[in-house]
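Right, one structure below, let's go through it.
The values are calculated or read from the model by the stated rules, or taken from the named source; none is laboratory data. Everything numeric here is computed off the predicted structure, so don't read it as measured data. As a convention, Cβ positions derive from the backbone with ideal geometry for all residues, glycine included, and neighbour counts pool all protein chains shown. When the accessible area is computed, the model is the full protein with side chains, heavy atoms only, and any ligands, DNA or RNA have been set aside. Shrake-Rupley method; radii C 1.70, N 1.55, O 1.52, S 1.80 Å.
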Amino acid sequence: MSVSRLSIQSLRNLESVSLTPSPRTNLIYGQNGSGKTSVLEAVHTLALGRSFRSHKHKPLIQWGREQFTVFAEIQHQGSRIPVGLQRALTGEVNFKVNGRAVGSLAELASVLPLQVIDAHTFLLLEGSPKVRRQFMDWLVFHVEPSFFPAWKAAQRCLKQRNSLLRRDRIEPSELSVWDRELSNLTQQIHECREKTIERFRPVFLRLLEEFIRIPGVSLSYQRGWDKNRSYQEVLADNFERDRHMGYTQSGSHRADLRINVEGQPAGDILSRGQQKLVVCALKIAQGYVYAQETGGRCIYLVDDLPAELDGEHRATLVDWLDKLETQVFITGVDKPSLLADWQDRPDAITRVFHVEQGTVTADVNTEQQ
């Protein structure tokens with residue numbers, strides 16, 4: 001899986017840009033505010049309909065324009081798949097895959113699987129359970145086909161149950177219908193997550209062991225309710241408390257992924273550099289498991305790599321990315337720093353792009369193959 005052609009119109013300060021990326025390594029350099037991160041945002045919008053920097057679409061549209069457009073050709077198993085997105089100030093959005101209108105973001109995500117490593121990624125250890133749950137569910141979505149329909153239906157059930165809990169009077173029979181359905185769906189979600197984490201854990205721990213020695217690292221999945229009881233029992237026992245609070249407090253929507261060192265949260269024990277490497281290992285492990293389970297490759301977007309990692313840890317991440325043999329887009333301010341990490345790699349196919357005042361040009365003198 002790789003982007004073989006990318007066109008961007010009126011996205012932030014990118015007026016009209018056309019790139020022919022390398023199927024492997026793409027280094028994008030330029031001063032802050034030049035538009036280099038916007039190139040990554042353009043790829044991200046094709047996969048998830050939004051930027052990784054914000055859920056709001058209006059800031060993406062260039063000042064004075066009514067809409068932005070991103071188009072790409074995706075190379076997949078010998079075929080080229082055209083993917084396009086157009087989003088307007090009015091909120092109207094059009095997605096097309098192979099010339100066909102697509103109404104589901106889930107379908108887009110399956111066409112263009114992406115991983116992002118940026119400053120926000122390092123919240124995986126220190127952020128809320130929601131951050132880790134979203135991280136976990138990216139992989140579950142891609143390797144367990146039954147997960148997304150169950151998750152989507154469970155969200156509907158939760159919304160309905162919470163609405164009933166906020167009523168002054170609740171008919172037990174009315175609530176029990178939703179409880180039974182929610183229990184079945186929650187169990188399906190749990191089983192999908194549990195199977196995926198069992199595949200993911202050894203890959204993650206092996207990556208860490210190869211590149212950094214941190215004794216006592218563990219990764220555990222918390223399902224979101226008492227592991228010794230069925231979810232239907234928990235719903236029944238917590239009914240009065242849930243009604244008082246006005247929402248369902250336990251369930252798959254409260255699941256978490258915990259990374260500990262000697263039984264303590266990794267974010268409390270590790271140095272900042274170690275934390276960043278652990279988080280990078282989490283992200284790279286997703287790519288490995290995705291490849292093992294699907295036979296495909298996910299694309300990595302790495303924003304401002306030199307600013308986030310020192311030389312030693314940056315070299316480790318580059319080694320991991322190189323061994324994945326996947327397409328990578330990496331931004332940075334300093335061209336020599338970006339190039340130094342990818343030199344002397346015999347299998348590397350590297351293309352360098354310079355971004356200046358919203359214009360992107362290919363640096364043909366530094367292309368490696």
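Descriptive notes on the structure:
- Using C-alpha pairs under 8 Å with a sequence gap of at least 6, the mean separation divided by the residue count of the chain gives a relative contact order of 26 percent.
- Rounded to the nearest 20 debye, the dipole magnitude of the chain is 960 debye, with +1 charges on Lys and Arg beta carbons, -1 on Asp and Glu beta carbons, and the Cα centre as origin.
- Only one of (i) 1.39; (ii) 1.20; (iii) 1.07 was calculated from the structure for Cα Rg over 2.2 N^0.38 Å, and its label is (iii).
- Peptides 205-215, 80-90 ordered by average Cβ neighbours within 10 Å, highest first: 80-90, 205-215
- Using only Cα coordinates, the Kirkwood hydrodynamic radius of the stretch 40-195 works out to 18.3 Å.
- The chain - accessible surface per residue (Å², probe 1.4 Å): 47 Å²
- Ordering of 335-345, 273-283 by burial proxy (mean other Cβ atoms within 10 Å per residue, highest first): 273-283, 335-345
- Qualifying lysines (Cα of each under 21 Å from Cα of residue 96; at least 8 residues distant if same chain): 56, 58
- DSSP beta bridges in the chain [antiparallel fraction, %, rounded to 5]: 70 percent
- In loop segments of the stretch 125-204 as defined by DSSP, the trypsin sites (Lys or Arg not before Pro) with at most 10 further C-beta atoms inside 10 Å of their C-beta are 169.
- Whole-percent carbon and sulfur share, accessible surface of the chain, 1.4 Å: 46 percent
- Selection of GluC sites (Glu not before Pro), the stretch 1-105, meeting DSSP coil and at most 15 other Cβ within 10 Å: 66, 92
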